[in-house]
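The values are calculated or read from the model by the stated rules, or taken from the named source; none is laboratory data. From a predicted model like this one, the values you see are computed outputs, not experimental measurements. Every residue, glycine among them, receives a Cβ derived from its backbone with ideal geometry; neighbour counts consider all protein chains shown. Just the protein is used for accessible areas: all its heavy atoms, side chains included, with ligands, DNA and RNA removed. Shrake-Rupley method; radii C 1.70, N 1.55, O 1.52, S 1.80 Å.
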Amino acid sequence: MKERRASQKLSSKSIMDPNQNVKCKIVVVGDSQCGKTALLHVFAKDCFPENYVPTVFENYTASFEIDTQRIELSLWDTSGSPYYDNVRPLSYPDSDAVLICFDISRPETLDSVLKKGANMAKQIGAATYIECSALQSENSVRDIFHVATLACVNKTNKNVKRNKSQRATKRISHMPSRPELSAVATDLRKDKAKSCTVM
Ligand SMILES: Nc1nc2c(ncn2[C@@H]2O[C@H](COP(=O)(O)OP(=O)(O)OP(=O)(O)O)[C@@H](O)[C@H]2O)c(=O)[nH]1
């Protein structure tokens, strides 16, 4: 595993002790072949994986700097296969953020998110909805982890008060509905857009 040292500095209202090592655990879930591994590879290893290899469990590390604080990210890739439905939850304990992903060019993968993920996102106070393409835009991938890291840091900062349910309802309303996605999926396939993330 290779550690990525992001040069970009992030801004945060969080109050952090620069002497303290801040660690965040981010778990990535979503249907099989929706692009979870590619997302993590592009972010943590700076390259788009050439071949599709089904994941069982995989871990990556990376880091971000927020203000002068270095944040160590522990990134957990999971399998989207129903075969691993019983073991996937083993990665959830102690996670600071969960990225719930689907493939924007395959509306059926959004169904799973709507079935399981959206309710879960509301319950846990999801932060936002973001689209990205691991194939085409490393910046869009970086944005995902930028936001995820800030969400982790703010979550652990007791000085930041928020109304979880209001935030979730407001922010995830940007997520496309199933009919909207079906309508645009053909064009998206042509453009090779891929992953979306609800967090
Ligand atoms: N066009 C396009 N293809 C992508 C993108 N991201 C991933 N893929 C392709 O989608 C397929 C599945 O990608 P993975 O990242 O392995 O999917 P996964 O969600 O980790 O799959 P599981 O391990 O089965 O859960 C691979 O063939 C990737 O090359 C993307 O942003 N654009």
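For every residue, the table says whether it meets (1) open to solvent by less than 80 Å² (accessible area, probe 1.4 Å); (2) within 16 Å of the ligand (Cβ to nearest atom); (3) modelled with pLDDT of 90 or more.
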site: Gln8; (1), (2), (3): yes, no, no
site: Ser12; (1), (2), (3): yes, no, no
site: Ile15; (1), (2), (3): no, no, no
site: Cys24; (1), (2), (3): yes, no, yes
site: Val28; (1), (2), (3): yes, yes, yes
site: Gln33; (1), (2), (3): no, yes, yes
site: Thr37; (1), (2), (3): yes, yes, yes
site: Leu40; (1), (2), (3): yes, yes, yes
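If you scan the range 46-94, which residues turn out to be in a loop (DSSP other than H, G, I, E, B), of a type in the set (Gly, Ala, Ser) and either over 16 Å from the mean Cα position of the chain (by Cα) or under 24 Å from Glu138 (Cβ atoms) (or both)? First the steps, then the outcome.
At the first step, the residues of the range 46-94 found to be in a loop (DSSP other than H, G, I, E, B) are 46-56, 67-68, 79-81, 85-87, 92-94.
Subsequent filtering for residues that are of a type in the set (Gly, Ala, Ser) retains 79-81.
Residues satisfying the conditions are Gly80, Ser81.
More than 10 Å from the ligand (Cβ to nearest atom) and of a type outside the set (D, E, K, R): is that true of Asn86 in this structure? Spell out how you get there, then give the answer.
Details: more than 10 Å from the ligand (Cβ to nearest atom): yes; of a type outside the set (D, E, K, R): yes.
Answer is yes for this residue.
Within the bounds of the range 60-71, is there any residue that is modelled with pLDDT under 95 and aromatic (Phe, Trp, Tyr)? Within the range 60-71 (the criterion being modelled with pLDDT under 95 and aromatic (Phe, Trp, Tyr)), the answer is yes, since at least one residue qualifies.
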